[in-house]
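Written out below as structure tokens is the structure these notes cover.
The values are calculated or read from the model by the stated rules, or taken from the named source; none is laboratory data. Predicted model, so just to flag it, every value in this text is computed and none were measured. In this analysis, Cβ positions are derived from the backbone assuming ideal geometry, glycine residues included, and neighbour counts consider all displayed protein chains.
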Amino acid sequence: MPASFRTWCTVSFSALRSNLRTLRRSAPRGTRVLAVVKDNAYGHGLVPVARALSRAGCEEFGVAFASEGAELRQAGIREPILILGSSLPPEFPTALTHRLTVTLSSLQEARELARAAEKARVTALVQAKLDTGMNRLGAKPTEFQHLLSFILHHPRLELAGTFTHLACAGSDPKFTRRQMEEAWILPTHPRRHYANTAAALSRLPYPHTHVRPGLGLYGLDPRPAGRAPLRPVLSWKSRILVVRRVRRGETVSYGATFRAPRDLMVATVATGYADGLPFSLGNCGHALVRGRLCPILGRVTMDMTLLDVTSLAAARRGEEVIWIGRSGTKNRTAADLAREAGTIPWEIFTRIAPRIPRLYS
């Protein structure tokens, strides 16, 4: 590990490929995988992750917006790329230039894209999205047929698929069944999908053309009691900058929110909220050092965080600190960090700052 790194992430392609195989095994034979790599591949690195998945046989990709899709095309990704979010008219030229598939949720969006395609004299690839209860994107069932009809009858729009989004596939079976019942109006099509990681791992009934995994690819089972054999893909490490003695009664960090109940050895670690470590971990989070769980003392600051290393024999300047990953016999996951921070693993991954180096192996 380069000694110049203060904080860094490692990303395992072997773990990524293993997770892809696990998700394929949960789906019927012949089901294609639309890998969700939006938002910098959940913080893991958009282009390296997509290239690794492409080499592993992943058939399609999902991104958040047109510029992400363009970045993949420029990196040599040739598989179909679906823009999962809503696109604004200024983004249409990018989508059309790079043959990205645009999600349409309304007749207004369809008309706007059709005008852009007519102006560019090209045919736009689109997928029509049905809203079955998320109330975020997608056409309501009563509007969906009108949207489909417009797409199918417009010479500049080509229907590449249809889909919906399950709101709580891993936590609320009744709500999910209701969503799947509403999804019956999705027409039979070579690309018809709504199974996310939770739906795929739970083997829920869904169209067998595609599964659309996100978090599972990166090694976490989103189901509350899920125990799928997924491997963590990302580790996040830092280094100790300074170790100092804090006397009983002294306070640490901003706001003096922690007062030492006894003499402590405290390490200043080179990671803070500007790196993506949640501010909410102050006085309640932990990190691993030499296989021991060390509590965060006081508030997380912009570039540094303080750990209680009293239990260690002479913690050293430059020593590794593990936020996510294995140290000794202990392992910390993004889910562990999320529980302490009062958030979700998706946010832990995506908030890791782009400035932090990612090392791929």
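Restricting to the stretch 199-227, and then to whatever is small (Gly, Ala, Ser) and modelled with pLDDT under 95, can you tell me which residue is farthest from residue 32 (Cα to Cα)?
In the first step, residues of the stretch 199-227 are kept if they are small (Gly, Ala, Ser); the result is 199-200, 202, 214, 216, 219, 225-226.
Subsequent filtering for residues that are modelled with pLDDT under 95 retains 199-200, 202, 225-226.
Details: 199: 15, 200: 12, 202: 17, 225: 26, 226: 23 Å.
For the stretch 199-227, the residue satisfying everything is 225.
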Checklist outcome for this item: Within the stretch 239-270, the residues that are more than 27 Å from residue 325 (Cα to Cα), in contact (Cβ under 8 Å) with a residue 12 or more places away in the chain and not hydrophobic (A, V, I, L, M, F, W, C) are 245, 247, 248, 251, 254, 255, 257, 261, 262, 263
Checklist entry - Name the pairs: first residue in the stretch 216-238 and closer than 20 Å to residue 355 by Cβ, second residue part of a loop (DSSP other than H, G, I, E, B) and aromatic (Phe, Trp, Tyr), Cβ to Cβ under 9 Å, at least 6 apart or on different chains? => result 237/5; 238/5
Next on the checklist: Would you confirm, using the coordinates I've provided, whether residue 31 is surrounded by fewer than 22 Cβ atoms within 10 Å (Cβ to Cβ) and under 18 Å from the mean Cα position of the chain (by Cα)?
Outcome noted: no
Next on the checklist: I need a count of the residues in the stretch 234-266 that are out of contact with any Asp or Glu (no Cβ under 7 Å at 6 or more places or on another chain), crowded, with 18+ Cβ neighbours inside 10 Å, more than 23 Å from residue 348 (Cα to Cα) and among the small types (Gly, Ala, Ser).
Outcome noted: 0
Item to check | Residues (crowded, with 19+ Cβ neighbours inside 10 Å and either more than 20 Å from residue 190 (Cβ to Cβ) or outside the structural domain of residue 120 (by TED's automatic domain parsing) (or both)) located in the stretch 157-174 | outcome: 166, 169, 170
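Being assigned to a loop (DSSP other than H, G, I, E, B) and buried (at least 17 other Cβ atoms within 10 Å of the Cβ) is the filter here; which residues of the stretch 217-233 pass it?
Residues of the stretch 217-233 assigned to a loop (DSSP other than H, G, I, E, B): 219-233.
Within the stretch 217-233, 219, 220, 221, 222, 223, 228, 230, 232, 233 qualify.
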Checklist entry - Among 142, 132, which is the only one that is assigned by TED's automatic domain parsing to the domain that holds residue 196, among the β-branched types (Val, Ile, Thr) and assigned to a loop (DSSP other than H, G, I, E, B)? => result 132
Next on the checklist: With the requirement that a residue be more than 25 Å from the chain's Cα centre (by Cα) and either of a type in the set (Lys, Arg) or buried (at least 20 other Cβ atoms within 10 Å of the Cβ) (or both), what does the stretch 267-297 give you?
Outcome noted: 267, 269, 289, 290, 292, 294, 296, 297
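Residues checked against (1) over 25 Å from residue 123 (Cα atoms); (2) in contact with an Asp or Glu (Cβ under 6 Å, 6 or more places away or on another chain); (3) modelled with pLDDT under 95; (4) of a type in the set (S, T, N, Q):
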| position | (1), (2), (3), (4) |
| --- | --- |
| 159 | no, no, no, no |
| 171 | yes, no, yes, yes |
| 187 | no, no, yes, no |
| 191 | no, no, yes, no |
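Residues to consider are 188, 176, 162; find the one that is hydroxyl-bearing (Ser, Thr, Tyr) and part of a loop (DSSP other than H, G, I, E, B).
Values: 176 fails: part of a loop (DSSP other than H, G, I, E, B); 162 fails: part of a loop (DSSP other than H, G, I, E, B).
Just a single option satisfies the conditions, and that option is 188.
Condition first: acidic (Asp, Glu) and in a loop (DSSP other than H, G, I, E, B). Now tell me which residues in the stretch 314-337 satisfy that.
319
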Checklist entry - Of all residues in the stretch 106-156 being surrounded by fewer than 17 Cβ atoms within 10 Å (Cβ to Cβ) and among the aliphatic types (A, V, I, L, M), which is farthest from residue 87 (Cα to Cα)? => result 152
Checklist entry - Looking at 32, 51, 25, 21, which one is farther than 25 Å from residue 164 by Cα and of a type outside the set (Gly, Ala, Ser)? => result 51
Checklist outcome for this item: Note on residue 248: of the conditions (1) assigned to a loop (DSSP other than H, G, I, E, B); (2) within 28 Å of the chain's Cα centre (by Cα), unmet is (2)
Item to check | Subset of the stretch 60-101 that is part of a helix (DSSP H, G or I) and among the β-branched types (Val, Ile, Thr) - its residue that is surrounded by the fewest Cβ atoms within 10 Å (Cβ to Cβ) | outcome: 97
Item to check | Subset of the stretch 278-313 (residues that are part of a loop (DSSP other than H, G, I, E, B), within 15 Å of residue 236 (Cβ to Cβ) and of a type in the set (A, V, I, L, M)) | outcome: 300
